[in-house]
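Chemist: What follows is a structure written as structure tokens; I'll ask about it next.
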Amino acid sequence: MIKSIPRTIWAMGIASFLINCATCSIFSLSALYLTNILGASVASIGLLESVVEGLAYFTRTFSGVLSDFFKRRKTFILIGFVFLTISKPILAFSRTYIQVFLARAIDRLGNGLQAAPRDALISDNAPKDIKGECYGLRQSLALIGSTIGAIMGIALMHITNNSYKTVFLVMGIPAVIATLVVIFFIKERRINKEPTGATVNRLKVSDIKSLGSKFWILMTVVVFFMLGKFGESFICLHACNNFGLNPAYGTSFPLLYSLVSASVAYPIGHKSDLMDRKKLLLLGLILFCLSHLSIGLAPNLTAIFIGTILWGAHEGITDIIFAGLISDYVPKHLRGTGFGLYSLISSCSMVIANNIAGLVSDCFGIHTAFIYGSIVGFISISVLLYTMKYLK
């Protein structure tokens with residue numbers, strides 16, 4: 001079946017591979033740079049992560065809606081990739097917390113601009129019977145890029161004797177190549193088909209209702225899930241600060257969970273085309289809880305690595321399934337809006353989650369933040385089980 005996946009989706013997957021290769025190490029290394037070099041507190045990092053991730057998801061809302069309005073996906077994807085590229089040299093030359101904050105904000109702004117139009121582009125071009133497989137392919141390629149980016153981060157930190165500046169600059173190279181792939185190889189399909197009576201190129205509040213009740217029920221599950229989903233940089237901080245891991249190996253965690261996610265994403269996407277996606281979502285939420293418990297209760301680094309493997313597995317499942325369900329539930333002409341609102345709802349929840357994680361970490365230790373995440377995860381499982389009958 002993989003041979004029947006359209007070329008545009010392959011190109012989008014390759015571009016995602018390259019941009020993730022450029023970005024993966026930034027998450028962990030920027031947190032270590034702030035704490036080890038600039039002396040920032042964990043709470044301030046939690047604030048940074050919450051704001052910049054919130055900006056990313058909030059931006060996805062508007063880029064998704066506008067991609068529906070202009071009936072263009074590629075333009076927003078390209079602008080996003082340009083922002084992601086220029087953030088790397090800005091971060092490399094940052095010498096204060098505010099400058100790092102600005103660089104990370106530009107990076108996440110770029111991520112937000114391209115994400116919803118990208119998912120809508122895949123939905124527009126994916127054959128109906130292999131929709132999950134197409135999402136799985138793109139996600140797998142993106143996560144393989146994250147894995148290679150993490151390996152590059154470890155190697156460069158060793159080669160340069162922990163020179164953060166050099167690592168950040170080198171990571172700009174695959175970002176430039178990714179932008180060129182978007183320019184020359186991604187072809188988008190014009191969105192011409194509208195439901196009877198729909199008005200072309202008008203933004204309407206009524207479109208929100210047109211997304212359907214199943215979409216909004218699914219968003220209820222998303223809210224509870226995302227309230228416990230804080231940044232992966234907390235894993236790195238926990239391992240380095242509490243278990244003495246060398247900062248040079250900080251990117252080993254994004255390497256590991258990206259490798260696991262990449263291994264899981266495509267098979268899960270393919271499987272979701274053959275069975276009830278909601279059952280796979282339930283599996284992802286269970287793994288989410290177990291990963292947080294393993295890290296939060298970890299007596300040693302081995303337990304943290306086990307938790308990181310479970311973390312990667314849950315991401316490989318939930319990201320694909322949420323995308324597949326949204327594509328199933330939302331009308332074709334509102335897919336950008338649907339993915340955008342999903343991102344907005346996620347961002348609001350993640351802002352709260354990152355702030356709570358930062359504050360809890362400063363008051364009770366980083367491990368307690370993961371305990372909090374597991375509790376919220378169990379609540380999200382309960383919500384999904386209750387709402388499953390309405391999502392048939």
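The values are calculated or read from the model by the stated rules, or taken from the named source; none is laboratory data. Computed from a predicted model, the values in this text were never measured in an experiment. Every residue, glycine as well, gets a Cβ built from its backbone with ideal geometry; the counts of neighbours run over all protein chains shown.
Chemist: Can you list residue pairs whose Cβ atoms sit under 9 Å apart, with the first residue in segment 64-83 being within 23 Å of Ile345 (Cα to Cα) and without any contact (Cβ under 8 Å) to a residue 60 or more places away in the chain and the second being among the aromatic types (Phe, Trp, Tyr) and surrounded by fewer than 24 Cβ atoms within 10 Å (Cβ to Cβ)? Count only pairs 6 or more apart in sequence or on different chains.
Modeler: Note: pairs meeting the criteria are Phe76/Phe70.
Chemist: Can you work out which of the residues in segment 180-189 that are buried (at least 19 other Cβ atoms within 10 Å of the Cβ) and in contact with a Ser or Thr (Cβ under 9 Å, 6 or more places away or on another chain) is nearest to Leu91 (Cα to Cα)?
Modeler: Ile186
Chemist: If you don't mind, another one. Evaluate the following for Ala105: is it closer than 23 Å to Gly231 by Cβ, surrounded by fewer than 21 Cβ atoms within 10 Å (Cβ to Cβ), modelled with pLDDT of 90 or more and in contact with a helix residue (DSSP H, G or I) (Cβ under 8 Å, 6 or more places away or on another chain)?
Modeler: It is true that Ala105 is closer than 23 Å to Gly231 by Cβ, surrounded by fewer than 21 Cβ atoms within 10 Å (Cβ to Cβ), modelled with pLDDT of 90 or more and in contact with a helix residue (DSSP H, G or I) (Cβ under 8 Å, 6 or more places away or on another chain).
Chemist: For segment 223-246: of the residues being surrounded by fewer than 20 Cβ atoms within 10 Å (Cβ to Cβ) and of a type outside the set (Phe, Trp, Tyr), which is farthest from Ile375 (Cα to Cα)?
Modeler: Here the residue is Asn246.
Chemist: For segment 111-131, check the following and say yes or no: at least one residue is more than 18 Å from Tyr57 (Cβ to Cβ), of a type in the set (Ser, Thr, Tyr) and modelled with pLDDT of 90 or more.
Modeler: Within segment 111-131, none of the residues are more than 18 Å from Tyr57 (Cβ to Cβ), of a type in the set (Ser, Thr, Tyr) and modelled with pLDDT of 90 or more.
Chemist: Also, quick follow-up: Please state which one of Leu32, Leu18 is surrounded by fewer than 24 Cβ atoms within 10 Å (Cβ to Cβ), part of a helix (DSSP H, G or I) and touching a Gly at 6+ places or on another chain (Cβ under 7 Å).
Modeler: Leu32
Chemist: Suppose we keep only residues that are of a type in the set (Ser, Thr, Tyr) and part of a helix (DSSP H, G or I) within segment 236-261. Which one would you say is modelled with the highest pLDDT?
Modeler: Ser261
Chemist: Name the helices (runs of 4 or more DSSP H) wholly inside segment 268-387 in which the number of residues that are closer than 14 Å to Leu227 by Cα and in contact (Cβ under 8 Å) with a residue 60 or more places away in the chain is 2 or more.
Modeler: Once the helices (runs of 4 or more DSSP H) in segment 268-387 are filtered for at least 2 residues that are closer than 14 Å to Leu227 by Cα and in contact (Cβ under 8 Å) with a residue 60 or more places away in the chain, what remains is 277-296, 335-364, 366-387.
Chemist: Further question: Would you pick out the residues in segment 37-69 that are more than 28 Å from Arg335 (Cβ to Cβ) and in a helix (DSSP H, G or I)?
Modeler: Ile37, Val42, Ala43, Ser44, Ile45, Gly46, Leu47, Leu48, Glu49
Chemist: Can you pull out the residues in segment 35-48 that are farther than 22 Å from Asn246 by Cα and surrounded by 23 or more Cβ atoms within 10 Å (Cβ to Cβ)?
Modeler: Once the filter is applied, which keeps residues that are farther than 22 Å from Asn246 by Cα and surrounded by 23 or more Cβ atoms within 10 Å (Cβ to Cβ), segment 35-48 yields only Leu48.
Chemist: Among the residues in segment 319-332, are any under 14 Å from the mean Cα position of the chain (by Cα) and surrounded by fewer than 23 Cβ atoms within 10 Å (Cβ to Cβ)?
Modeler: Scanning segment 319-332, I find at least one residue that is under 14 Å from the mean Cα position of the chain (by Cα) and surrounded by fewer than 23 Cβ atoms within 10 Å (Cβ to Cβ), so the answer is yes.
Chemist: Would you say Phe83 is modelled with pLDDT under 90 and at negative phi?
Modeler: Against the criterion (modelled with pLDDT under 90 and at negative phi), Phe83 does not qualify.
Chemist: What's the number of the condition Asn161 fails, among (1) outside any helix (DSSP H, G or I); (2) modelled with pLDDT of 90 or more?
Modeler: In the conditions (1) outside any helix (DSSP H, G or I); (2) modelled with pLDDT of 90 or more, Asn161 misses (2) alone.
Chemist: Still on this structure, please answer the following. Given the condition of a type in the set (Ser, Thr, Tyr) and in a helix (DSSP H, G or I), answer yes or no: does some residue in segment 144-154 qualify?
Modeler: Taking every residue of segment 144-154 in turn, at least one turns out to be of a type in the set (Ser, Thr, Tyr) and in a helix (DSSP H, G or I).
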